[in-house]
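The values are calculated or read from the model by the stated rules, or taken from the named source; none is laboratory data. Keep in mind that what you see is a predicted model, and the values were worked out from it rather than measured. Counting neighbours? That spans all protein chains shown, and the Cβs are built from the backbone with ideal geometry, glycine included.
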């Protein structure tokens, strides 16, 4: 999954005709920081993925390699609403009749982390969000309030 992410980041940046520095400027980070994300050395934070997907007008699911639908997407939201993400996770879990422990086991994390995500104490990490989307076939864009 990580390899797919950084390949897609680099591919899209080049397609748009941007340098790493230009994308770093869009994200308000150092070029070296962005370069680390693009090469897979580090994982891009979810808020940065959100910002970049808005800039490119692409779905998070496409940009992260969860799907291959390259259709343009215009987001009505510019920022991730932590409480809405928490509510979406909790609602999904309840609709599917799952426990926090079952979600935690599927994501290979702790029930405590799932509780923090569902109560809005912290934003789900990029890797857990990707795993959640992949494992439960739940679009990342939907989880983060873009669709």
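A few points about this structure:
- Under the condition of being farther than 21 Å from residue 40 by Cβ, in a loop (DSSP other than H, G, I, E, B) and touching a residue at least 24 places away in the same chain (Cβ under 8 Å), the residues counted in the stretch 123-138 number 2.
- Evaluation of residue 77 against the conditions (1) out of contact with any helix residue (DSSP H, G or I) (no Cβ under 6 Å at 6 or more places or on another chain); (2) assigned to a loop (DSSP other than H, G, I, E, B); (3) without any contact (Cβ under 8 Å) to a residue 60 or more places away in the chain shows that the sole unmet condition is (3).
- The listed residue being on the phi < 0 side of the Ramachandran plot and surrounded by fewer than 14 Cβ atoms within 10 Å (Cβ to Cβ), out of 125, 99: 99
- Qualifying position, being at pLDDT 95 or above and not assigned by TED's automatic domain parsing to the domain that holds residue 13, among 95, 70: 95
- Residue check for residue 54: at pLDDT below 95, surrounded by fewer than 20 Cβ atoms within 10 Å (Cβ to Cβ) and assigned to a helix (DSSP H, G or I): yes
- Answer residue from the stretch 17-51, given it is under 23 Å from residue 73 (Cβ atoms) and free of Cβ contacts under 8 Å to residues at least 12 places away in the same chain and is surrounded by the fewest Cβ atoms within 10 Å (Cβ to Cβ) among those: 17
- Of all the criteria given as (1) touching a residue at least 60 places away in the same chain (Cβ under 8 Å); (2) touching a helix residue (DSSP H, G or I) at 6+ places or on another chain (Cβ under 7 Å); (3) surrounded by fewer than 19 Cβ atoms within 10 Å (Cβ to Cβ), the one not satisfied by residue 70 is (1).
- Test: residue in the stretch 4-16 that is surrounded by fewer than 17 Cβ atoms within 10 Å (Cβ to Cβ) and not in a helix (DSSP H, G or I): no
- Scanning the stretch 24-51 for residues that are part of a helix (DSSP H, G or I) and more than 21 Å from residue 124 (Cα to Cα) yields a total of 7.
- Cross-chain or 6+ apart pairs with Cβ under 8 Å, the stretch 88-105 first and without any contact (Cβ under 8 Å) to a residue 60 or more places away in the chain, then assigned to a loop (DSSP other than H, G, I, E, B) and surrounded by 14 or more Cβ atoms within 10 Å (Cβ to Cβ): 88/145; 89/124; 92/138
- Residues located in the stretch 89-121, provided they are in a loop (DSSP other than H, G, I, E, B) and over 24 Å from residue 59 (Cβ atoms): 97, 98, 99, 108, 109, 110, 119, 121
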